[in-house]
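First the structure, in the form of structure tokens, and then the observations on it.
Read-outs throughout are calculated quantities, based only on the coordinates presented, and are distinct from any laboratory measurement. Because the structure is predicted, anything quoted here is derived from the model rather than measured. Please note: Cβ atoms are built from the backbone with ideal geometry, for glycine as well, and neighbour counts cover all protein chains shown.
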Amino acid sequence: MSIRTILFDLDGTLIDTNELIIASFTHTIEQYSDRTYEREEILDFIGPPLKESLHKVNPDKVEEMVETYRKHNIENHNRYVKAYEGVVETIETLKGQGYKLGIVTTKMRNTVHMGLELTNLDGLFETVVTLDDVTNAKPHPEPIVKALNQLDSQASEAMMVGDNTHDIEAGQNAGTKTAGVAWTVKGRKVLDDLNPDYMLDNMRDLLKITGG
């Protein structure tokens, strides 16, 4: 196994922000849409950049909706967010074994750091690439290529781990190995259909793959 670099999505992969995201979308949609959205519809908004999702709700009020969403998200952040079982110890173990670790997310930098600090993951990653840092979000390969460049890593020695189709497709587009997480809120079949190299039932499974 020649993997030396592991890149992770953040929300839904390392930390459980699903209920926070759903609550923030629901709060926003109630104010700006002329109809209610079912939970299943809101699940489709998880993963893509926020503006892209909100544009589908009300294209004329995207900036106002983003402001409403972010205010709710930040105010309620610490009430909802926690690390998934097995995540912190796995990341600490991988770091101790000398793996280069990074985060590639479609979130803005300020809320990324809030999540990392709250879940004791702060300081464990050598690079964090956010939506602020790129022109093209996942599934475009740009965020992954940027992270690899910052880590002085090759795609052939790297793996992208994520809970969303955007994560797997971005890894494939950038030429890395890919791993889906079975705890994705969208159901593992959505990821299985993309044929990732690995499917993790718990983040600890990474230690078996890397031989740790």
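Pairs of Lys residues in the stretch 9-140, spaced 8 or more positions apart or belonging to different chains, with C-alpha separations under 14 angstrom: 4 in total. Treating r as the C-beta distance of GLU64 and GLU38 and R0 as 22 Å, the FRET efficiency rounds to 0.45.
Quote the FRET efficiency, to the nearest 0.05, computed for ASN120 versus ALA23 with a Förster distance R0 of 22 Å and r equal to the Cβ-Cβ distance. My answer for the efficiency is 0.45. Take the alpha carbon gyration tensor of the stretch 55-101, find the square roots of its eigenvalues, order them as a ≥ b ≥ c, and report rounded if a/c is under 1.5; if not, report prolate when a/b exceeds b/c, else oblate. Here the stretch 55-101 falls in the prolate category.
Shown here is the pair-distance distribution of the stretch 137-198: with all Cα-Cα distances grouped in 10 Å bins from zero up to the longest one, the shares run 27, 53, 19, 2 percent.
Between helix 109-118 and the chain there is an angle of about 70 degrees, using the helix long axis and the longest principal axis of the Cα atoms.
Could you tell me the center-to-center distance, by alpha carbons, between the stretch 1-26 and the stretch 78-116 in angstrom? Centre-to-centre (Cα) distance: 8 Å. Extension gain for GLN31 to ASP197 (0.36 nm times residue separation, less C-alpha to C-alpha distance): 55.6 nm. Packing, taken as the mean count of other beta carbons within 10 Å per residue, orders the peptides 202-208, 140-146 from highest to lowest as 140-146, 202-208. Rg and Dmax, both from the Cα atoms of the chain and both in Å, are 16.6, 53. Helix 87-96 axis versus longest C-alpha principal axis of the chain: approximately 40°, rounded to the nearest ten.
For the pair ASN136 and GLN154, how long in nm is the line joining their label points, each one 7 Å along Cα→Cβ? Using points 7 Å along Cα→Cβ, the separation is 2.3 nm.
Here the convex hull built on the C-alpha positions of the stretch 22-83 has a volume of 86 cubic angstrom per residue. Helix 18-32 and the long axis of the chain differ in direction by around 30°, with both axes built from C-alpha atoms. Label zone of ARG109 (point 7 Å out along Cα→Cβ, amide N under 20 Å): in the stretch 134-178 this covers 134-138, 142-152. Estimated purely from DSSP H runs of n ≥ 4, each contributing -39500 (n - 2.57), the mean residue ellipticity at 222 nm for the chain is -13000 deg cm²/dmol once divided by its residues. Here the stretch 1-122 is treated as a Stokes sphere of Kirkwood radius computed over C-alpha pairs; at 4 °C and 1.567 mPa s its diffusion coefficient rounds to 83 µm²/s.
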